[in-house]
Amino acid sequence: MTGPFVIRVRDIVRRPGEMREHDFEVPAPEKWGEGLVSVDAGVPLDLEVRLESVHEGILVSGSAATEYAGVCGRCLTDIAEPLEVEFQELFAYPGEEATDFEVQDDHVDLETLVRDAIVLSLPFQPVCQPDCPGLDPATGERLTDSTGAEQREPLDPRWAALQDYTTDHDEEAPRLRVENTEES
């Protein structure tokens, strides 16, 4: 069993209480993620892993740091952000019970564990900044790039009559004078 995510555990197998730590970097073997953002193939993954021998198998705890890239879900700007995830899983010794993760030939393969932790941590609706205004519905331009020019047409034609209304002429408008007609 070989591969960049495979760690040999022969020295701690069936020795409860034994522990080993490993820090290493591996490239992502393929594109991880299917949404607006993903971790591209070849992007470095920094792994810090602790392997602990317990009665049932090898307990793997650790963290993975990498960077995801894609587009903002609001304005479609390219984005790239760091991502750090933690993971923990028991790799059981082979036996009668079927488990998702097993110690195989005195090795543990972390690829599925790390991939699942990273993919599940990717944002579903990524944004370039928390208050990203998105795209102008009329022109399709990014609102952050907008020059601030006034719209020539109202968004809703039913309000067109009010577009020319200004408060500059309030002084010229006739005032209604209310007099007290009640006699004391």
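The values are calculated or read from the model by the stated rules, or taken from the named source; none is laboratory data. Owing to the predicted nature of the structure, the values given are computational and were not obtained by experimental measurement. Here Cβ is always computed from backbone atoms with ideal geometry, including for glycine, and neighbour counts include all displayed protein chains. Only protein heavy atoms, including side chains, enter the accessible area calculation; ligands, DNA and RNA are left aside. Shrake-Rupley method; radii C 1.70, N 1.55, O 1.52, S 1.80 Å.
I want to check the label-to-label distance for ASP105 and VAL54. Put each point 7 Å from Cα in the C-beta direction and report it in nm to one decimal.
2.7 nm
Compute the label zone of LYS31 within region 54-86: residues whose backbone N is under 13 Å from the point 7 Å along Cα-to-Cβ.
69-71
Grab the beta carbon distance between SER121 and GLU21, set R0 = 22 Å, and tell me the FRET efficiency rounded to 0.05.
On the way: r = 22 Å, r/R0 = 1.02.
It comes to 0.45.
Provide Rg over Rh for region 21-91; use the alpha carbon set for both Rg and the Kirkwood Rh (inverse mean inverse pair distance). Walk me through the intermediate numbers first.
Values: Rg = 15.1 Å, Rh = 13.7 Å.
Rg divided by Rh gives 1.11.
Taking the convex hull of the Cα atoms, report for region 52-141 its projected area averaged over all directions, in nm².
8.0 nm²
Would you mind telling me the share, in percent, of accessible area of region 1-133 contributed by carbon and sulfur at probe 1.4 angstrom?
That share works out to 45 percent.
If we restrict to alpha carbons, what Rg and Dmax does region 7-165 come to, in Å?
Cα-based Rg and Dmax for region 7-165 come out at 24.6, 83 Å.
If we sort 69-80, 131-142 on the protection proxy, mean other Cβ atoms within 10 Å, highest first, what's the order?
69-80, 131-142
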